[in-house]
1. What Rg and what Dmax come out for region 60-99 when only alpha-carbon atoms are used, in angstroms?
2. Distance from the Cα centre of region 83-139 to that of region 232-254, in angstrom?
3. If the reach is capped at under 29 angstrom between alpha carbons, list the lysines near LYS223, excluding any in the same chain fewer than eight residues apart.
4. Within the set of other residues whose C-beta is less than 11 Å from the C-beta of VAL242, count the net charge using Lys and Arg as +1 and Asp and Glu as -1.
5. If amide H atoms are built 1.01 Å from N in the plane of the peptide, which residues on other chains or at least 5 residues away come under 5 Å of the amide H of ARG263?
6. When CYS180, CYS73 are ordered from fewest to most other Cβ atoms inside 10 Å of their Cβ, what list results?
7. Find the all-direction average of the projected area of the Cα convex hull for region 224-302, expressing the result in square nanometres with one decimal place.
8. Would you list which lysines come within 18 Å of LYS66, measuring only between C-alpha atoms, while excluding same-chain residues fewer than 8 positions from it?
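FYI, it's all coordinate maths here, none of it is from the lab. None of these values were measured; they are calculated from a predicted model. Cβ sites come from the backbone with ideal geometry, for glycine too, and all protein chains shown count toward neighbours.
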Amino acid sequence: MRLASILTTAAALLTACGAISLQAQAPAGAPGDAPTGRAGRGPGARPPFPAQQRPPGDPALIARGKAIYEINCRACHGADLRGGDVGGPNLLRSDIVLKDDKGELIEPIVRNGKSTPGVSLVMAPLPQVTGDDVRAVAEFIHHVASTAPGQGAPPPGPPVVLNILVGDAAAGQAYFSAKCSSCHSATGDLSGLASRIPDPKTLQTTWVAGGGVGGRTSSAPSKPVTATVTPPSGERVQGTLVRVDDFIVALTTADGQRRSFARHGATPRVEINDPRAAHTDLMSVYTDKEMHDVTAYLATLK
Ligand code: HEC
Ligand code: HEC
């Protein structure tokens, strides 16, 4: 009984932590290689890139996914998945994307965000993109990956030019007054911003994410993301969020202690308070033009 339960736990842990690598590394047709329903997995029938082993996706789903991607992901991951103006990684080279089938590995990242220790850029959770929408985005991402000529080669079609300071500063100032001035002021907290962050791309990355991506020289952001964890025992623990994913939430309490909790679905209850949430919300609101206009305006705050 005891051994059985240990084995079950071990199996569960393996599924949790190892599913990703097992899925990709088991040779096709090996025992335990769960059928995925994908075409072309038989021995000898493998094209060189795993992303190209997929059968073509459903065009309607791809089109819907593209629209959702443009609004919610493109600014960071780029029109062609190779990384965008505001600094998300190249998804064509992402192991997670390669191993994802129908959004099951992408969904937790979109829901919880991603913050790899040692990686200065953080992906905030995108709670507005859920269920079927993630499925559609995943289908679009796999479609682009499967039509890319190979890792590292340029995508088909005209190259995407990252041109940062192309905006209209006056239009940006109007946008700033309407959408940003409730929290910021050009003569107050943001005065001298462009002298502090002279590189336009870093400037854009910083304002879009709400700081904390390298713009603020070495010091930590003054308003960190905090979390409150309530285990079933009822003892609430509050602190600065260190990391959160489907399996663990870790925080540092006010007295400097590091606490972490295993997560099982909704237990323990985790509430996250991100002072920069307005920035995440705005990201799905402004257009590329508005983004470039705001950057052009902020570049004048010397
Ligand atoms: C604010 C910019 C931003 C937005 C918007 C954004 N991402 Fe990300 N994304 C990132 C960053 C930064 C990382 C790397 C985080 C890390 O590893 O710590 C990342 C990582 C990922 C990864 C994991 C890549 C890997 O192999 O580690 C996936 C998948 C992903 N994003 C998908 C999406 C999808 C889908 C959307 C839209 C629904 C989206 N992202 C929106 C910035 C963003
Ligand atoms: C609801 C409040 C709110 C709104 C609206 C808002 N921000 Fe922010 N912003 C924040 C918070 C909170 C931070 C993090 C400040 C910190 O860590 O001290 C931040 C950080 C920033 C930073 C980084 C500051 C630095 O010194 O590194 C910039 C730049 C910025 N915001 C620009 C903007 C722009 C441009 C807009 C409008 C398009 C905007 N913000 C809208 C709350 C807001």
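1. Rg then Dmax for region 60-99, in Å: 10.2, 29.
2. 22
3. List returned: LYS114, LYS179, LYS201, LYS289, LYS302.
4. Result for the local shell: +3.
5. Amide H neighbours of ARG263, under 5 Å, 5+ apart: ILE248, VAL249.
6. So the residues, fewest neighbours to most, are CYS180, CYS73.
7. 7.6
8. Candidates past the 8-residue exclusion: LYS102.
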